[in-house]
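> Sharing a structure with you now.
The values are calculated or read from the model by the stated rules, or taken from the named source; none is laboratory data. Every value quoted in this text rests on a predicted model; they were computed, and no experiment measured them. Backbone-built Cβ (ideal geometry, glycine too); neighbour counts: all protein chains shown. The protein model used for the area step is the full one, side chains on, heavy atoms only, and it has no ligands, DNA or RNA in it. Shrake-Rupley method; radii C 1.70, N 1.55, O 1.52, S 1.80 Å.
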Amino acid sequence: MTTYSRILGIIFGSMMLLLALLITLETLIRKFFSLSLGGVDELGGYAIAIAAPLAFCVAMVEQSHIRINLLHMRLPAATQAVLNALAALSLGLLAAFLLYFTVQTVLDTQLYRSIAQTPWATPLIYPQSVWLVAMTAFSVGAALLSVKALLLLLKRDWKTLNRQFGPSSATDELEAELADLRQREGGKL
């Protein structure tokens, strides 16, 4: 899953970098030449819609989303494991719902041959199809992690479930930051 996350992260980062460059170019052209490329805001909307599910997947796999674990860390290991499994399963259900919504939107767009109400009059089936692919990537990742969490729960493997799906402790985060610092400094620490 780490490779999967890394690939989606690279795609996400590339899209956002290209969008930033395009917005910068648009701003400079407007400032110095009083012209506009036209449609940069439209492309920005498409980029954000496509990039969001990719970012969701990266956050899910890397467990970089915010979790408040003030009470969680004080609970027994079995209770923590059940809560971690429920969190993974609920995220999987949310991803399935979002995928369903996305599919319905794309089908409606195709049925009505919808176009963007912009100067480009883009047929919406094209950006929405890419959005569907991105949402599918998120949903597949969420489904795989949900199944893994469910299997660990059924096996009653609390330790593995908590290690793979539980929030990081302050000590874990500190160790990760120090390891990252050592890597950046060439192992001097």
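> Check whether at least one residue in segment 174-182 is out of contact with any Ser or Thr (no Cβ under 7 Å at 6 or more places or on another chain), loosely packed, with under 14 Cβ neighbours inside 10 Å and either part of a strand (DSSP E or B) or small (Gly, Ala, Ser) (or both), and report yes or no.
Within segment 174-182, one or more residues are out of contact with any Ser or Thr (no Cβ under 7 Å at 6 or more places or on another chain), loosely packed, with under 14 Cβ neighbours inside 10 Å and either part of a strand (DSSP E or B) or small (Gly, Ala, Ser) (or both).
> If you don't mind, there's one more thing I want to ask. Scan segment 127-164 for residues that are open to solvent by less than 30 Å² (accessible area, probe 1.4 Å), over 12 Å from residue 95 (Cβ atoms) and small (Gly, Ala, Ser) and jot them down.
Passing the criteria: only 149.
> So, one more: Just to verify a result, which residue in segment 10-26, among those that are over 14 Å from residue 134 (Cα atoms) and β-branched (Val, Ile, Thr), is surrounded by the fewest Cβ atoms within 10 Å (Cβ to Cβ)?
Filtering segment 10-26 for residues that are over 14 Å from residue 134 (Cα atoms) and β-branched (Val, Ile, Thr), the one surrounded by the fewest Cβ atoms within 10 Å (Cβ to Cβ) comes out as 24.
> Is there any pair with a first residue in segment 169-186 that is farther than 22 Å from residue 67 by Cα and at pLDDT 85 or above and a second that is not in a helix (DSSP H, G or I) and not small (Gly, Ala, Ser) whose Cβ atoms are under 8 Å apart and which are 6 or more apart or on different chains, and what are they?
The qualifying pairs are 181/189; 182/188; 182/189.
> Here's something else I'd like to know. Mind listing whichever residues of segment 1-51 are outside any helix (DSSP H, G or I), more than 25 Å from the chain's Cα centre (by Cα) and not polar (S, T, N, Q)?
35, 37, 38, 39
> Filter segment 27-51 down to the residues that are buried (at least 16 other Cβ atoms within 10 Å of the Cβ) and of a type in the set (A, V, I, L, M), then identify the one that is farthest from residue 133 (Cα to Cα).
Here the residue is 40.
> Condition test on residue 98, is it surrounded by 12 or more Cβ atoms within 10 Å (Cβ to Cβ) and touching a Cys at 6+ places or on another chain (Cβ under 9 Å)?
no
> Residues of segment 62-88 being open to solvent by less than 30 Å² (accessible area, probe 1.4 Å) and under 16 Å from the mean Cα position of the chain (by Cα), which ones?
Hit for segment 62-88 is 88, nothing else.
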